Amino acid sequence: MSNHLRLSAISTLVLASLVGCGVYSTSTGRVDDSIRRITIPFLENRTAEPTIGIDLTELIIQAIQEDNTLKVTSEDDAVMELIGAVTRYNRKEAFTTQNLQVDEYQVQIQVELTFRPRSGGDALFEKKRVQGTGNYILDDPNGSSELTAREEAAAEIVRGVLAAIVEDW
């Protein structure tokens with residue numbers, strides 16, 4: 001699957017999970033209009049997983065735009081910035097069968113984020129860690145895979161980022 005098709009599939013699943021949750025609907029009156037404009041540069045990727053920083057950044061931007069509490073703008077127009085890095089991407093054994101053969105894995109992703117004014121001053125949060133996990137079964141007849149587990153982990157991270165940014169105002 002190409003990176004573009006994979007990102008499109010991940011985006012669709014993340015947005016569907018966010019719409020299904022209905023948690024992140026906030027009043028735009030809660031946020032001072034003078035600080036609603038934010039920029040989000042691509043997350044640094046400190047893992048060996050290609051494109052994870054780009055994929056997560058695009059999902060976070062898309063979710064913030066859907067939430068509509070803040071406005072994602074260019075760096076020149078932004079008052080606030082969300083910066084950070086993907087610090088972990090692990091695939092670990094989750095469960096083994098009686099014959100000690102691994103049949104389920106867990107994808108673990110962690111990001112570290114800072115949300116601060118571009119002009120300096122105190123950050124709303126600094127080096128905040130947000131984690132997501134997703135499980136999949138090898139040769140699963142229901143279709144789970146490392147990609148679907150990655151999508152679950154990404155959706156959990158996006159929900160955590162929105163909660164940290166929007167609900168902490």
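The values are calculated or read from the model by the stated rules, or taken from the named source; none is laboratory data. Remember, it's a predicted structure, so these values are computed and weren't measured experimentally. Glycine also receives a Cβ, built like all others from the backbone with ideal geometry; neighbour counts cover every protein chain displayed.
Descriptive notes on the structure:
- Here the stretch 72-87 is the region considered, the condition is being of a type outside the set (A, V, I, L, M, F, W, C) and crowded, with 16+ Cβ neighbours inside 10 Å, and the residue that is nearest to GLY134 (Cα to Cα) is THR87.
- Candidate set from the stretch 50-99 (those that are of a type in the set (S, T, N, Q) and free of Cβ contacts under 8 Å to residues at least 12 places away in the same chain); member that is nearest to GLU156 (Cα to Cα): GLN65
- Single residue of VAL111, VAL107, VAL102 found to be β-branched (Val, Ile, Thr), under 14 Å from the mean Cα position of the chain (by Cα) and within 19 Å of THR148 (Cβ to Cβ): VAL107
- Among the residues making up the stretch 104-136, those that are of a type in the set (Gly, Ala, Ser) and on the phi > 0 side of the Ramachandran plot are GLY120, GLY121.
This table checks each residue for (1) closer than 18 Å to GLY134 by Cα; (2) at pLDDT 90 or above; (3) surrounded by 12 or more Cβ atoms within 10 Å (Cβ to Cβ).
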position	(1), (2), (3)
THR12	yes, no, no
GLY53	yes, yes, yes
ILE60	yes, yes, yes
THR69	no, no, yes
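- Per the listing THR97, THR47, the residue uniquely β-branched (Val, Ile, Thr), in contact with a Phe, Trp or Tyr (Cβ under 8 Å, 6 or more places away or on another chain), closer than 23 Å to ALA149 by Cβ and modelled with pLDDT of 60 or more is THR47.
- Subset of the stretch 127-150 (residues that are surrounded by 12 or more Cβ atoms within 10 Å (Cβ to Cβ), under 15 Å from VAL86 (Cα atoms) and not polar (S, T, N, Q)): LYS128, ARG129, VAL130, GLY132, ARG150
- Some residue of the stretch 110-121 being surrounded by fewer than 16 Cβ atoms within 10 Å (Cβ to Cβ), in contact with a Lys or Arg (Cβ under 7 Å, 6 or more places away or on another chain) and under 18 Å from GLU44 (Cβ atoms): yes
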